[in-house]
Amino acid sequence: MEQYLNTFINAFNGTIDWTWKSIIFEVQWYTNYFWGLIIISLFVWCLEIAFPWRKNQAIFRRDFWLDVFYMFSNFFIFSIVISGVYEVLELLFNNFNITTKSLSLINTLHWPHWLQLLVFFIVLDFLQWLTHVLLHKYTFLWKFHKVHHSVKEMGFAAHLRYHWMENILYKPLKTFGVMIIGGFEPEQAYIVHFIAITIGHFNHANIKITWGVFKYVINNPVMHLYHHAYAIPKGKHGMNYAISLSLWDYIFKTNYIPEDSGTIEIGFKGDDKFPTDFINQNLYGFKKHQK
């Protein structure tokens, strides 16, 4: 028990230390996720201001500051809180001889770095797409995912407005993906991290971009706006589940872009009764009496 407690404390303190060093620029710039997030956010926000898709939408749109708070809460505060739990679980699995190589299907260690990164990106993105589908399909999971869909005006910061339980769901899937591709995470994984953040910010931004012929591969704001549409095709739990790569929706026939005016209503049925503050939004999914 002492071993697990020490592991938890060391991981918790280590994450706090790393986050603080990131803030004061004492980590290598390309692994500085704190300032990286800020720079990407400011860049996409400036594009929103300069080239707005919905020109009548305010620069400081509805719930702008709530979404900004979610960004830092989910990426840093929650990471600090939960870091010790993940390290304890990893130690527990290792004690039962279950390692990140246990489910390895392919050995990528001798592949070129660019190919390792590409496979890493594709595998993780597919698993996130699959998780996203489940979040919409099952009522218990949808109650937590409603936080993300409670956005009523779309902007870059809406990307990271999501319930902390989604971290609990996505993280194991990411670990599973790492196990499949040889039980490793490339040293250059920060590249994948920043690419994913940038694409995610663009997807939620008030900018009209489709990427031309690459729209069948890369997710975009027009496609993702319809993921947030209030009205979805009858009999469907949702459409356009893409995270970074839109190709999964085209492959599995969950793509849906009937028009591109950008003026559709977003949200979900009953969102007028959904909590509007951070605390109650995060308590919502645990209340059994709510549908």
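General observations
- Shape call, the range 143-289: gyration tensor on alpha carbons, a/c limit 1.5: oblate
- Sorting 203-214, 5-16, 140-151 by their mean Cβ neighbour count within 10 Å, with the most densely packed peptide first, gives 140-151, 203-214, 5-16.
- Taking Asp249, Asp63, Asp277, Asp17 and counting other C-beta atoms within 10 Å, the order from fewest to most: Asp277, Asp17, Asp63, Asp249
- At most 12 other Cβ within 10 Å, DSSP loop - trypsin sites (Lys or Arg not before Pro), the range 37-80: Lys55
- Length-normalised contact order of the chain in % [C-alpha pairs under 8 Å, at least 6 apart]: 22
- Span-like helix ranges in the chain, DSSP H, alpha carbon extent 27 angstrom or more, Kyte mean at least 0.5: 113-137
- Exceeding the 18 Å Cα-Cα cut-off - candidates Lys55/Lys269; Lys143/Lys287; Lys143/Lys273; Lys215/Lys253: Lys55/Lys269
- Alpha-carbon geometry of the range 106-209: the Rg and the Dmax are 15.3, 47 Å, given in that order.
- Among Phe76, Phe25, Phe278, the residue with the largest mean-square fluctuation in a Gaussian network model of the chain, with springs joining Cα atoms closer than 10 Å, is Phe25.
- Averaged over residues, the count of other Cβ atoms within 10 Å places the peptides 68-74, 155-161 in the sequence 155-161, 68-74, highest first.
- Kirkwood Rh in Å, taken over the range 134-189 so that all alpha-carbon pairs contribute: 13.1
- Isotropically averaged projected area of the chain, using the convex hull of Cα atoms (one quarter of hull area), nm²: 17.0
Read-outs: derived from the displayed coordinates by stated rules, not from any lab. As the structure is a computational prediction, the values presented were derived from the model and not from experiment. When we count neighbours, we look across all protein chains shown, and the Cβ atoms used for this are built from the backbone with ideal geometry, even at glycine.
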